[in-house]
Amino acid sequence: MEENKGIELYLNKTLHEEQIKFPMLDFEINADGDYQYAVKYYEQPNKIGIILLDFIQNDLKDVSFSIFRFYGFNTLLTDNERKELLALDSHDNKKLANNLEKLYNKYKKDFESYKRQIIDILEYCIFNEDENLKDLTPLQRLVVFCNSNDIEKYSILKHNHFNKFLKLNKDMTKMSKKNIINTLKDKENNRYSFQEIYEIDNFYNLLFLEMYFILKEDIYLKKCKNCGKYFLTSNSAVIYCDNIFESNKTCREIGASKVFIKNLETDDAYNLYRKVYKKKQALAKSKGGSYEIKYNLFKNQGRDKKNAYKLKEITKEEFIKWLNKHTN
Ligand SMILES: [Zn+2]
């Protein structure tokens with residue numbers, strides 16, 4: 001078992017990800033060759049803010065079950081609560097469910113309160129249409145919020161203490177010097193570097209930190225124009241979410257088909273899209289194999305890009321640039 005029992009979080013701005021290393025309830029094989037519960041560490045890349053989004057948007061009871069087993073296991077539960085879970089028979093799912101439900105009943109009130117507080121703050125700082133706040137950034141709005149509300153009611157704001165340290169992330173000792181240099185030069189790959197790590201020893205601090213990332217716009221929290229639900233996106237122009245809405249169509253696809261682009265037939269980006277599409281389709285039919293794979297890939301990614309172009313999430317230049325990269 002490692003010294004630090006908390007969560008380590010690193011913000012990867014290039015990939016719009018948070019990489020989280022956390023202890024969780026898992027299985028291990030004991031001396032008798034049987035499974036038993038144990039605490040294990042995992043490292044996982046997440047979309048920035050996703051834990052907070054789940055917390056405010058989904059059914060708290062469902063969400064709480066994963067909180068107790070994952071991010072909250074070492075950072076929320078008491079020693080006794082952890083011991084009880086670890087001592088359960090790992091084949092008995094019913095007992096686990098009962099135990100998690102018991103925990104939910106204990107933490108329910110706190111969770112409901114934090115959920116309400118977070119939604120209040122996000123609504124004020126991001127979705128509030130007050131004219132006076134118009135030109136302020138979300139984080140500036142938070143300043144107004146903190147100074148014009150009874151802040152004692154917002155205990156989530158007190159979960160703002162973190163240790164920060166620098167860590168050399170991945171071990172590169174097995175790589176050649178040339179390989180190390182090339183890896184570091186690759187802008188897309190900043191997993192290999194010194195990282196500023198937040199050390200989190202309380203689940204509510206994790207929620208606060210994700211809220212802070214959202215308010216300083218490391219990622220955008222939006223309300224879908226079709227279904228009205230919150231969603232996260234790295235592109236501030238996006239207005240529809242990617243959840244399935246009806247008959248296998250996402251809100252974004254529904255949104256894109258509602259958008260009417262005048263003179264689409266004479267649009268050169270759209271014409272290029274159709275040209276590339278037809279070329280790939282013909283190659284897939286006549287040659288099959290890898291051409292078919294490429295065609296299927298383009299069908300999906302291309303439709304996505306076309307929708308993004310229709311919805312003005314990307315510019316004409318960006319769409320054409322992407323198409324030119326995918327002509328073969
Ligand atoms: Zn939606």
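With contacts taken as Cα pairs under 8 Å and at least 6 residues apart, segment 259-325 reaches a relative contact order of 33 percent. Per residue, segment 34-80 exposes an accessible area of 44 Å² to a 1.4 Å probe, with every protein chain left in place.
To put it simply, the accessible area of segment 1-40 at a 1.4 Å probe is 46 percent carbon and sulfur. Basic side chains Lys and Arg get +1 at the Cβ, acidic Asp and Glu get -1 at the Cβ, and with that the dipole of the chain about its Cα centre reaches some 2100 debye. Listed by chain and number, the lysines whose C-alpha is less than 26 Å from the C-alpha of LYS134, apart from same-chain residues fewer than 8 away, are LYS115, LYS153, LYS216, LYS222, LYS223, LYS225, LYS229, LYS312. Counting 0.36 nm for each residue step from ALA237 to LYS187 and taking away their Cα separation leaves a gain of 15.6 nm. If the chain linking LYS312 and LYS164 were pulled fully straight, counting 0.36 nm for each residue of separation and taking away their Cα-Cα distance, it would gain 49.4 nm. Computed from Cα positions, the angle between helix 203-215 and the longest principal axis of the chain comes to roughly 30 degrees. Remark: segment 229-240, residue by residue, has Karplus-estimated 3J(HN,Hα) of 7, 5, 8, 10, 8, 8, 10, 5, 7, 5, 10, 10 Hz, where x stands for each Gly or Pro and the curve is 6.51 cos²θ - 1.76 cosθ + 1.60 at θ = phi - 60°. Mind checking which of MET211, THR137, ILE293 is farthest towards the positive end of the chain's charge dipole, using Cβ charges of +1 (Lys, Arg) and -1 (Asp, Glu) about the Cα centre? It is ILE293.
Taking every protein chain into account, the accessible area of segment 259-325 amounts to 68 square angstrom per residue (probe 1.4 Å).
Here the calculated FRET efficiency for LYS40 and GLU101, from their Cβ-Cβ distance with R0 = 41 Å, stands at 0.95, rounded to the nearest 0.05. Of all aspartates and glutamates in the structure, those lying under 14 Å Cα to Cα from LYS61, and not within fewer than 8 positions of it along the same chain, are GLU101, ASP110, GLU112.
A simple spin-label model places the labels of LYS287 and SER148 6.3 nm from each other, with each point 7 Å out along Cα-to-Cβ. The portion of the accessible surface of segment 259-325 made up by carbon and sulfur, rounded to a whole percent, is 52 (1.4 Å probe; DNA, RNA and ligands excluded). Listed cross-link partners LYS249/LYS306; LYS13/LYS321; LYS258/LYS278 are compared with a 20 Å cut-off, the Cα-Cα value being larger for LYS13/LYS321; LYS258/LYS278.
Rounded to the nearest 500, the 222 nm mean residue ellipticity of the chain from helices alone is -14500 deg cm²/dmol, with -39,500 (n - 2.57) taken per DSSP H run of at least 4 residues. Between GLU123 and LYS178, residue separation times 0.36 nm minus the direct Cα-Cα distance comes to 14.9 nm. Contact order for the chain, expressed relative to its length and based on alpha carbon pairs under 8 Å spaced 6+ residues apart, stands at 16 percent.
The values are calculated or read from the model by the stated rules, or taken from the named source; none is laboratory data. Computed from a prediction, not measured in an experiment: that's the story for all the values here. Quick reminder, even Gly has a Cβ in these numbers, built from the backbone with ideal geometry, and neighbours come from all protein chains shown. Each accessible area value is taken on the protein alone, full model and side chains, heavy atoms only, with ligands, DNA and RNA left out. Shrake-Rupley method; radii C 1.70, N 1.55, O 1.52, S 1.80 Å.
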